[in-house]
Amino acid sequence: MLVAQVSDLHVGRPGERLGGRVDTADCLRRCVVRLNAMDPPADLVVLTGDLVNTGSPEEYRHLRSLLESLATRWVLIPGNHDDRSALRAAFPDHEYLGQDPDFVQFVIEDFPVRLVFLDTLDPGRDGGFLDDARLEWLEARLAQAPHAPTMLFMHHPPFATGLEAMDRMGCVGAQRLARILRQNPQVERLCCGHIHRPVLTRWAGTTACVAPSCAHQITLALRPGASPLTYLLEPPAFLLHLWRPDVGLVTHTCLVDSFPGPYSF
Ligand SMILES: [Fe+2]
Ligand SMILES: [Fe+2]
């Protein structure tokens, strides 16, 4: 099983550049070309939130048009820049978006690894939110298959990253989520977005990672009290999660654009 995790697309209206600078639509276009050229191709592409920039229907129509040429099956979850109603309205054929009536959260059971998707969106706030209803839903889903290797996808990381400006946004409910994960060691990997930078840590008994953005990256500001949040135009990238019985679950970081090579040694 090969799952590509593409995060923080921040697609705007056609022709719009984020901050007047970042052509997020073009970044996604290049990412789709890269994904379509992969050999072997991914079995699934997971888009882990901040799909568009303001949650407007026009942005979702634009997102849909950009994803039309993606040859691999793909699924979406929302981030803090998304709007659940507009998202569902733009993708009525994505039936899993309605698996839960209140939140965009669902389970995919078609692969050797069970894929669970959790909604952390709290409308109007930048930070993540896991209330009792969402955590009870998660607990019940995990209880259905306590021995099946599982990956959990959610937009907001529930752990600190050392990037203060991002960590301040946080994720309410993280401690209860940690308790649930400690009781469910079948969760092999927790996969998040939101930080716009690849991050890896051990958290609540599992391995947790953050995918880089397939558009702009957040500045690597690790000094405590570092200046306000800024971004830079480091290369767009995504994660590739490979599961094979003889390998286990390993995660690779892939840059969207091409570079010279390969060369023989
Ligand atoms: Fe984002
Ligand atoms: Fe975000």
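The values are calculated or read from the model by the stated rules, or taken from the named source; none is laboratory data. Fair warning: this is a prediction, and the values are worked out from it, not measured in the lab. Cβ atoms come from the backbone with ideal geometry, glycine included; neighbour counts cover every protein chain shown. The area values use the complete protein model at the heavy-atom level, side chains included, leaving out ligands, DNA and RNA. Shrake-Rupley method; radii C 1.70, N 1.55, O 1.52, S 1.80 Å.
Remarks
- Some residue of the range 226-242 being closer than 20 Å to L115 by Cβ, under 19 Å from the mean Cα position of the chain (by Cα) and within 16 Å of ligand 1 (Cβ to nearest atom): yes
- Of the set (1) open to solvent by 30 Å² or more (accessible area, probe 1.4 Å); (2) away from ligand 2 (no atom under 16 Å from the Cβ); (3) farther than 18 Å from H241 by Cα; (4) not β-branched (V, I, T), all apply to F106 but (1).
- Condition met for L130 (within 30 Å of R168 (Cα to Cα), out of contact with any Leu (no Cβ under 9 Å at 6 or more places or on another chain), modelled with pLDDT of 95 or more and within 16 Å of ligand 2 (Cβ to nearest atom)): no
- In the range 10-37, the residues that are modelled with pLDDT of 95 or more and of a type in the set (S, T, Y) form Cβ pairs under 9 Å with partners that are outside any helix (DSSP H, G or I) and loosely packed, with under 14 Cβ neighbours inside 10 Å, at six or more places apart or across chains, as follows: T24/R17.
- Taking the range 152-181 as the range and being farther than 21 Å from P224 by Cβ and within 13 Å of ligand 2 (Cβ to nearest atom) as the test, the residues that pass are M154, H155, H156.
- Residues being within 16 Å of ligand 2 (Cβ to nearest atom) and assigned to a loop (DSSP other than H, G, I, E, B) - total across the range 3-47: 5
- Flag if L63 is over 17 Å from H196 (Cβ atoms), modelled with pLDDT of 95 or more and within 16 Å of ligand 1 (Cβ to nearest atom): yes
Conditions (1) in a helix (DSSP H, G or I); (2) open to solvent by 50 Å² or more (accessible area, probe 1.4 Å); (3) away from ligand 1 (no atom under 11 Å from the Cβ), marked per residue:
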position: L177; (1), (2), (3): yes, no, yes
position: I180; (1), (2), (3): yes, no, yes
position: N184; (1), (2), (3): no, no, yes
position: R189; (1), (2), (3): no, no, yes
position: H196; (1), (2), (3): no, no, no
position: T201; (1), (2), (3): no, no, yes
position: C209; (1), (2), (3): no, no, yes
position: A215; (1), (2), (3): no, no, no
position: A221; (1), (2), (3): no, no, yes
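- In the range 77-98, of all residues being among the aliphatic types (A, V, I, L, M), away from ligand 1 (no atom under 16 Å from the Cβ) and open to solvent by less than 50 Å² (accessible area, probe 1.4 Å), the one that is nearest to R134 (Cα to Cα) corresponds to L97.
- Residue, nearest to the chain's Cα centre (by Cα), within the range 43-60, restricted to residues that are more than 13 Å from ligand 1 (Cβ to nearest atom) and open to solvent by 10 Å² or more (accessible area, probe 1.4 Å): D43
- All of (1) within 16 Å of ligand 2 (Cβ to nearest atom); (2) under 25 Å from L152 (Cα atoms) hold for E59 with one exception: (2).
- Residues satisfying the stated conditions in the range 62-95, i.e. in contact with a Pro (Cβ under 8 Å, 6 or more places away or on another chain) and under 18 Å from L44 (Cβ atoms): A71, T72
- When D50, D102, D110, D93 are checked against the criterion of being in a loop (DSSP other than H, G, I, E, B) and either under 21 Å from A211 (Cα atoms) or polar (S, T, N, Q) (or both), a single residue qualifies: D50.
- Of all residues in the range 245-265, none satisfies the criterion of being under 22 Å from the mean Cα position of the chain (by Cα) and among the aromatic types (F, W, Y).
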